[in-house]
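Colleague: Please see the structure below; I have some questions.
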Amino acid sequence: MSFKGKTVLITGASRGIGKAIGLRLAKEGANIVIASKSVEENPKLGGTIYSAAAEMDAAGGKGLAVQCDIRFEDQVQNVIDKAVATFGGIDILVNNASAINLSPTEHLEPKRFDLMYDINVRGTLFVSKACIPHLKKGTNAHILNLSPPINMDMKWFTNHLAYTISKYDMSMIALGLAAELKKYNVAANTLWPRTTIATAAVNSLLGGDALMKMSRTVDIIADAAYYILSKPSTECTGNSFIDEAVLAAEGITDLGKYSVVPGASLYNDLFV
């Protein structure tokens with residue numbers, strides 16, 4: 001399936017995994033709508049919606065920067081309206097925006113819980129809702145949530161219950177939408193990395209420089225997303241994908257180029 005001229009809306013696309021997916025699809029000629037909050041650069045994180053849009057243009061696509069906090073319906077609708085006015089529709093939605101807090105329940109602040117649920121769950125659901133009328137009209141329409149396979153091993157609930165259930169809710173939204181939208185030929189799937197990915201979140205929240213060196217680059221997620229979104233929406237829906245498995249199905253088994261440090265031991269991500 002060609003991405004040329006297709007419109008892809010990505011939440012949280014000013015940096016990291018969201019931007020990498022955008023750049024991968026922009027190289028194929030896609031229009032990339034960057035729905036993110038960052039309009040001023042944070043030195044620790046880097047990137048704004050405007051710098052990301054410029055990179056999409058340079059990669060061969062067309063970038064549209066729209067400031068958006070997905071917790072607010074009016075901002076979400078503004079993104080949708082501008083995307084449709086600029087490009088004529090929406091063919092693909094990537095729900096990438098996410099908040100993380102790994103506190104155990106005893107030490108979890110209500111505001112941290114609310115932030116995760118407002119972004120990971122409520123935001124994902126209502127951005128999807130706002131896109132559905134346009135996805136129904138799209139060409140090979142897909143929804144892709146960056147969330148894990150639902151693994152009921154209690155070790156994933158023991159240390160960070162709130163974060164776990166928020167990410168599993170993201171996955172349930174995708175699986176539910178796959179069933180709900182199948183009759184409209186709109187696919188919905190999830191994608192998750194087997195190893196940690198070298199992003200600002202990993203660096204600042206999980207393990208610092210040491211973990212970054214045991215991680216893969218964002219390019220592996222971008223390539224996996226490309227292959228998933230290339231599949232016919234009538235056939236590829238309701239799946240929880242792991243990046244390695246997606247690439248293996250395409251005959252790509254030498255993944256050395258994705259390691260931050262060539263030959264380093266890799267650290268498994270959460271939930272796998």
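Colleague: When the accessible area of the range 155-200 is computed with all protein chains present and a 1.4 Å probe, what percentage of it is carbon and sulfur? Write down the numbers at each step before the final one.
Modeller: Values: 960 of 1640 Å².
Answer for the range 155-200: carbon and sulfur cover 59 percent of the accessible area.
Colleague: Using a 10 angstrom Cβ neighbour count of at most 11 plus a DSSP loop assignment to flag exposed GluC sites (Glu not before Pro), which longest range of the chain is free of such sites? Walk me through the numbers before you get to the answer.
Modeller: Working: sites that count: E40, E235.
My reading of the result: 41-234 is the longest stretch.
Colleague: Cα centroid distance between the range 240-266 and the range 201-225, in Å?
Modeller: The distance from the Cα centre of the range 240-266 to that of the range 201-225 comes to 13 Å.
Colleague: Longer than 19 Å from Cα to Cα, which of K4/K231; K19/K231; K4/K129; K62/K82 are they? Say none if no pair is.
Modeller: Working: K4/K231 15 Å; K19/K231 21 Å; K4/K129 25 Å; K62/K82 14 Å.
From K4/K231; K19/K231; K4/K129; K62/K82, over 19 Å: K19/K231; K4/K129.
Colleague: Check V272: other-chain or 5+ apart residues with amide H under 5 Å from its amide H, H built from backbone geometry?
Modeller: Answer set, sorted by chain and number: none.
Colleague: State whether the range 106-188 is rounded, prolate or oblate according to the following rule on the C-alpha gyration tensor (a ≥ b ≥ c being the square roots of its eigenvalues): a/c under 1.5 gives rounded; otherwise a/b larger than b/c gives prolate, and the remaining case gives oblate. If you can, show how the numbers build up before the last one.
Modeller: Details: a/c = 4.03, a/b = 1.94, b/c = 2.08.
Here the range 106-188 falls in the oblate category.
Colleague: Okay, next question. Around V76, what is the net charge, scoring Lys/Arg as +1 and Asp/Glu as -1 over all other residues with Cβ under 14 Å from its Cβ? Write down the numbers at each step before the final one.
Modeller: Details: positive: K37, R71, K82, R122, K129; negative: D69, E73, D74, D81, D118.
So the surrounding residues net to 0.
Colleague: Among DSSP beta bridges lying fully in the chain, give the percent that are antiparallel, nearest 5.
Modeller: Antiparallel bridges: around 5 percent, rounded to the nearest 5.
Colleague: Follow-up question, since we're still on this one. How would you classify the range 23-95 from its alpha-carbon gyration tensor, with a ≥ b ≥ c the square roots of the eigenvalues: rounded for a/c under 1.5, else prolate if a/b is greater than b/c, otherwise oblate? Before the final figure, lay out the partial values.
Modeller: Details: a/c = 2.02, a/b = 1.02, b/c = 1.98.
Because a/c hits 1.5 or more and a/b fails to exceed b/c, the range 23-95 counts as oblate.
Colleague: How large is the dipole of the chain about the Cα centre if only Lys and Arg carry +1 and Asp and Glu carry -1, each at its Cβ, rounded to the nearest 20 debye? Write out the running numbers ahead of the final one.
Modeller: Details: 26 positive and 26 negative charges, 82 e Å.
Dipole size: approximately 400 debye.
Colleague: So, one more: Calculate one ³J(HN,Hα) per residue across the range 146-153 by plugging θ = phi - 60° into the Karplus curve 6.51 cos²θ - 1.76 cosθ + 1.60, and present them in order as whole Hz with x for glycine and proline.
Modeller: Karplus-based 3J(HN,Hα) across the range 146-153 equals 7, 8, x, x, 7, 10, 8, 4 Hz.
Colleague: Given charges of +1 on the Cβ of Lys and Arg and -1 on the Cβ of Asp and Glu, with all other atoms neutral, how large is the dipole of the range 6-113 about its Cα centre, in debye to the nearest 20?
Modeller: Charge dipole, the range 6-113, about its Cα centre: 240 debye, nearest 20.
Colleague: Next question, about the same structure. Taking H as built 1.01 Å from N, whose amide H comes closer than 5 Å to the amide H of T7, not counting residues under 5 places away?
Modeller: Under 5 Å from the amide H of T7 lie the amide H atoms of N31, D91, I92, each far enough along the sequence or on another chain.
Colleague: Turning to a different aspect of this structure: Kindly identify the chain as rounded, prolate or oblate by the Cα gyration tensor criterion: order the square roots of the eigenvalues as a ≥ b ≥ c, call it rounded if a/c is under 1.5, otherwise compare a/b with b/c, prolate if a/b is larger, else oblate. It would help to have the intermediate numbers written out before the result.
Modeller: Working: a/c = 1.29, a/b = 1.22, b/c = 1.07.
Since a/c stays below 1.5, the shape of the chain is classed as rounded.
Colleague: Quick check for you: with a 1.4 Å probe and neighbouring chains kept, what is the accessible area per residue of the range 1-84, in Å²? Each step should come with its number before you reach the end.
Modeller: Values: 3680 Å² over 84 residues.
Heavy-atom SASA per residue in the range 1-84 reads 44 Å².
Colleague: Tally up the carbon and sulfur contribution to the accessible surface of the range 1-106 as a whole percent, 1.4 Å probe, everything protein left in place. Numbers along the way, then the final one.
Modeller: Values: 2230 of 4600 Å².
Heavy-atom surface of the range 1-106 belonging to carbon and sulfur, 1.4 Å probe: 48 percent.
Colleague: Which value in deg cm²/dmol, rounded to the nearest 500, describes the helix-derived mean residue ellipticity at 222 nm for the chain, given -39,500 (n - 2.57) per DSSP H run of n ≥ 4 and division by the residue count?
Modeller: Values: 10 runs with 105 residues, N = 272.
Taken over the chain, the calculation gives -11500 deg cm²/dmol.
Colleague: Once phi is turned into θ = phi - 60°, what whole-Hz ³J(HN,Hα) does the Karplus curve with 6.51, -1.76 and 1.60 give for every residue of the range 21-28, x standing for Gly and Pro?
Modeller: Using θ = phi - 60°, the values come out as 5, x, 5, 4, 7, 4, 4, 8 Hz.
Colleague: Measuring with a 1.4 Å probe in the full set of protein chains, what accessible area per residue, in whole Å², belongs to the range 122-271?
Modeller: 43
Colleague: Among the aspartates and glutamates, which fall within straight-line cross-link reach of K182, defined as a Cα-Cα distance under 18 Å, with same-chain neighbours fewer than 8 residues apart omitted?
Modeller: D91, E235
Colleague: Roughly how many nanometres apart are two label points built 7 Å out from the Cα toward the Cβ at T105 and N268?
Modeller: Here the modelled spin labels are 2.4 nm apart.
Colleague: If you plug each phi of the range 6-16 into the Karplus form 6.51 cos²θ - 1.76 cosθ + 1.60 with θ = phi - 60°, what whole-Hz ³J(HN,Hα) values come out, in order, with x for Gly and Pro?
Modeller: 6, 10, 10, 9, 10, 7, x, 9, 7, 7, x
The values are calculated or read from the model by the stated rules, or taken from the named source; none is laboratory data. This is a predicted model, so every value here is computed, not measured. Because the Cβ atoms are built from the backbone with ideal geometry, glycine has one as well, and the counts that use them run over all protein chains shown. Note: accessible area is taken over every heavy atom of the protein model, side chains too, but ligands, DNA and RNA are not part of it. Shrake-Rupley method; radii C 1.70, N 1.55, O 1.52, S 1.80 Å.
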